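Trainee: Below is a structure I'd like to ask you about.
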Amino acid sequence: MEWGCPQYGVDAPYSQHAYNYSFKPGESGKLVLEFYITPFDYSGCEGPWRALETQLTENKLIGMGLGIIEFDGPDAKTRSGFWNISHQQLWYGDASLLVGFKMMPLEPQFQKTVETKLPVGNEGFPGGGPARPPAAAKPPAQ
């Protein structure tokens, strides 16, 4: 989910996810989620052609927020859990409440090309379907 009008950040090539689980709604179990996101210094409503991707370099400090909302069952009307990495529950919408992370060098065992354990896209996963089309890389023709 991305707040506000720049919704292109939730689509490939800027983010993608895959998940797998073996339990039914309401049951206990383990869910494995792999994802990547693209951080932006600017992601305006104009579209991805105006966005400015963050250049991730060693020692750079970036602010990041991540929240998980849990609903027990497909018909749940209210959440059963909410977790985030901020020290404040209402961190969204206020960048001063994001957690600061310092970009560290990759350790030698991780310096090879990153590979996912699960297929990229939603194919083959419960509730999945075709992956979304890539976001536009330039302004629409007028």
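Trainee: Filter the stretch 62-105 down to residues that are farther than 30 Å from Ser28 by Cβ and out of contact with any Leu (no Cβ under 8 Å at 6 or more places or on another chain) and give me whichever is modelled with the lowest pLDDT.
Mentor: Step one: of the stretch 62-105, the residues farther than 30 Å from Ser28 by Cβ are 62-63, 93-98, 100-105.
Keeping just the survivors that are out of contact with any Leu (no Cβ under 8 Å at 6 or more places or on another chain) gives 93-96, 98, 104-105.
Values: Gly93: 74, Asp94: 78, Ala95: 78, Ser96: 83, Leu98: 83, Met104: 91, Pro105: 87.
Taking the candidates together, the pick is Gly93.
Trainee: A further question on this structure: Take the residues in the stretch 18-32 that are out of contact with any Gly (no Cβ under 7 Å at 6 or more places or on another chain) and not small (Gly, Ala, Ser); name whichever of them is most open to solvent (accessible area, probe 1.4 Å).
Mentor: Looking at residues that are out of contact with any Gly (no Cβ under 7 Å at 6 or more places or on another chain) and not small (Gly, Ala, Ser), I get Lys30.
Trainee: OK, next. Specify the residue that is farthest from Ile69 (Cα to Cα); the eligible residues are those in the stretch 91-107 that are outside any loop (DSSP other than H, G, I, E, B) and open to solvent by 70 Å² or more (accessible area, probe 1.4 Å). Spell out how you get there, then give the answer.
Mentor: Residues of the stretch 91-107 outside any loop (DSSP other than H, G, I, E, B): 95-97, 99-102.
Next, only the ones that are open to solvent by 70 Å² or more (accessible area, probe 1.4 Å) stay: 95-96, 101-102.
Details: Ala95: 20, Ser96: 21, Phe101: 22, Lys102: 26 Å.
So, considering only residues that are outside any loop (DSSP other than H, G, I, E, B) and open to solvent by 70 Å² or more (accessible area, probe 1.4 Å), the one farthest from Ile69 (Cα to Cα) is Lys102.
Trainee: Consider Glu46 against the criteria (1) within 16 Å of the chain's Cα centre (by Cα); (2) over 29 Å from Asp75 (Cβ atoms): it satisfies all of them except one. Which criterion is unmet?
Mentor: (1)
Trainee: So in the stretch 33-88, with the set limited to residues that are part of a loop (DSSP other than H, G, I, E, B) and among the aliphatic types (A, V, I, L, M), which one is surrounded by the most Cβ atoms within 10 Å (Cβ to Cβ)? Even if it seems obvious, please write down each step before you answer.
Mentor: Restricting attention to the stretch 33-88, the residues satisfying the condition of being part of a loop (DSSP other than H, G, I, E, B) are 38-39, 43-47, 51, 54-60, 65-66, 71-80, 85-88.
This time we only want the ones that are among the aliphatic types (A, V, I, L, M), so: 51, 56, 66, 76, 85.
On the way: Ala51: 18, Leu56: 10, Leu66: 13, Ala76: 12, Ile85: 13.
Here the answer is Ala51.
Trainee: List pairs: first residue in the stretch 3-17 and loosely packed, with under 15 Cβ neighbours inside 10 Å, second residue aromatic (Phe, Trp, Tyr) anywhere in the structure, Cβ distance under 7 angstrom, at least six positions apart or on different chains.
Mentor: Hits for this filter: Trp3/Tyr92.
Trainee: Here's something else I'd like to know. If you scan the stretch 61-94, which residues turn out to be without any contact (Cβ under 8 Å) to a residue 24 or more places away in the chain, touching a Ser or Thr at 6+ places or on another chain (Cβ under 7 Å) and over 30 Å from Tyr42 (Cα atoms)? Please lay out each step first, then the result.
Mentor: From the stretch 61-94, those without any contact (Cβ under 8 Å) to a residue 24 or more places away in the chain are 66, 68-71, 75-90, 94; that's our starting set.
With the extra rule that they be touching a Ser or Thr at 6+ places or on another chain (Cβ under 7 Å), the set shrinks to 70-71.
Residue satisfying the conditions is Phe71 alone.
Trainee: May I pose another question? Considering each of Asn20, Asn59 in turn, give the residue that is modelled with pLDDT of 90 or more, at positive phi and of a type outside the set (Ser, Thr, Tyr).
Mentor: Details: Asn20 fails: at positive phi.
Just one listed residue meets the conditions, Asn59.
The values are calculated or read from the model by the stated rules, or taken from the named source; none is laboratory data. Remember, predicted model here, so these are calculated numbers, not experimental data. As a convention, Cβ positions derive from the backbone with ideal geometry for all residues, glycine included, and neighbour counts pool all protein chains shown. Side chains included, ligands, DNA and RNA excluded: accessible areas come from the protein's heavy atoms. Shrake-Rupley method; radii C 1.70, N 1.55, O 1.52, S 1.80 Å.
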